[in-house]
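Enquirer: Sharing a structure here in structure tokens format.
Here, each number is a calculation from the coordinates, and none is a lab measurement. Quick caveat, the model's predicted, so the values are computed rather than measured. Here the Cβ is made from the backbone with ideal geometry for all residues, glycine too, and neighbour counts use every protein chain on show.
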Amino acid sequence: MSENIQIQARKRSQFIEVWRRLCRNRLAVLGMILLVVIVLVAIFADVIAPYPYDFQDYSSVFLGPCLQHPFGTDNFGRDIFSRVVYGTRISLRIAFISLAGSALVGCIVGAIAGFFGGIIDAIIMRFCDIMMAIPRMVMAISIATTLGPGLTNAMIAIAISSVPNFARVVRASTLTVKDQEYVEAAQSIGCSTARIIRKYIFPNILAPIIVQATLGVGTAIILAASLSFLGLGDPLVPEWGAMVSAARSYIRDYPHMIAFPGLAIMLSVLSLNLFGDGLRDALDPKLKK
């Protein structure tokens, strides 16, 4: 019992130390605040948005920012502020679901490659190298084009294109911990490979996985917006990339139509990158004093 209490106290002290290091990074705190605001907007979109995202008022087309429409209206009289707010929910959902899928597959593949090594490691890593030789955007476009337009297919394309990044990170981390004493002790008492990876390896390599996932969400948002911009998303939903694509014909006369969804993409990716960089520095043991 006392040993479990000591382990819990040690984990709590480590978490407090990481939190303190993170809070000392002002840019990371700024990114975290922006990220919290963006997530809250996505959760409470129904409360924040003054209009339904598909409500059309043809008497108010191409209005500039005003009190009634803070971000103006588009060519169908739809409130851009409401569409950007609802787009926050859609963009984050695409990013988180696709990253969850890629992280799950990438972690399993990377752990298998790093733990077993040999021919298994060579085959898996060469396949990942082939995938990483193709630009991620090109791969995502190719997969989405093959599967057809739609948000589900876009999420599948983003997930597949992100698997090699997680696989390489997890493989490298697994190689550093698989020869530790606690792993050898688990092997000596006859623990199965799946149990060793699940109970003894994954808990000790969570830090780089969390950092990779945090930074990967921003990339996923850009990929989702790019696919929607190219017409590979769902034109019926207010996804930020689709909004930018629909507004490009009016950029000279009505720049507000493209400015606000573009600004939403920029702030989301910026907040995730700032928070991810700060989290990486806080979790890096080499930076401990």
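Enquirer: Name the single residue that is farthest from Ile196 (Cα to Cα) among those in the range 142-155 being buried (at least 19 other Cβ atoms within 10 Å of the Cβ) and either free of Cβ contacts under 8 Å to residues at least 40 places away in the same chain or out of contact with any Gly (no Cβ under 8 Å at 6 or more places or on another chain) (or both).
Expert: Here the residue is Ala144.
Enquirer: Still on this structure, please answer the following. Go through the range 117-174 and report how many residues are of a type in the set (D, E, K, R) and under 27 Å from Asp234 (Cα atoms). Before you say what the answer is, go through the steps one by one.
Expert: First, pick out the residues of the range 117-174 that are of a type in the set (D, E, K, R): 121, 126, 129, 136, 168, 171.
Still in the list and also under 27 Å from Asp234 (Cα atoms): 136.
Counting residues in the range 117-174 that are of a type in the set (D, E, K, R) and under 27 Å from Asp234 (Cα atoms) gives 1.
Enquirer: Which of the residues belonging to the range 228-253 are surrounded by fewer than 20 Cβ atoms within 10 Å (Cβ to Cβ) and among the aromatic types (Phe, Trp, Tyr)?
Expert: Residues satisfying the conditions are Phe229, Tyr250.
Enquirer: Please work out which residue is farthest from the chain's Cα centre (by Cα), limiting yourself to the range 20-53 and to residues that are over 26 Å from Pro235 (Cα atoms) and either assigned to a loop (DSSP other than H, G, I, E, B) or among the polar types (S, T, N, Q) (or both).
Expert: Across the range 20-53, the extreme among qualifying residues is Arg24.
Enquirer: Enumerate the helices (runs of 4 or more DSSP H) found wholly within the range 156-263, keeping only those where 3 or more residues are over 17 Å from Ala95 (Cβ atoms) and of a type in the set (Asp, Glu).
Expert: Numbers: elements: 181-188, 193-196, 206-229, 240-247.
Those helices (runs of 4 or more DSSP H) do not exist here; none qualify.
Enquirer: How many residues does the range 24-33 contain that are in contact with a helix residue (DSSP H, G or I) (Cβ under 6 Å, 6 or more places away or on another chain) and loosely packed, with under 15 Cβ neighbours inside 10 Å?
Expert: Matching residues across the range 24-33 total 1.
Enquirer: Among the residues of the range 55-77, what is the count of those that are without any contact (Cβ under 8 Å) to a residue 60 or more places away in the chain and assigned to a loop (DSSP other than H, G, I, E, B)?
Expert: Going through the range 55-77 one residue at a time, the tally reaches 12.
Enquirer: Tell me, which residue of the range 91-107 that is farther than 15 Å from Val170 by Cβ and of a type in the set (Val, Ile, Thr) is surrounded by the most Cβ atoms within 10 Å (Cβ to Cβ)?
Expert: Restricting to residues being farther than 15 Å from Val170 by Cβ and of a type in the set (Val, Ile, Thr), the top hit is Ile94.
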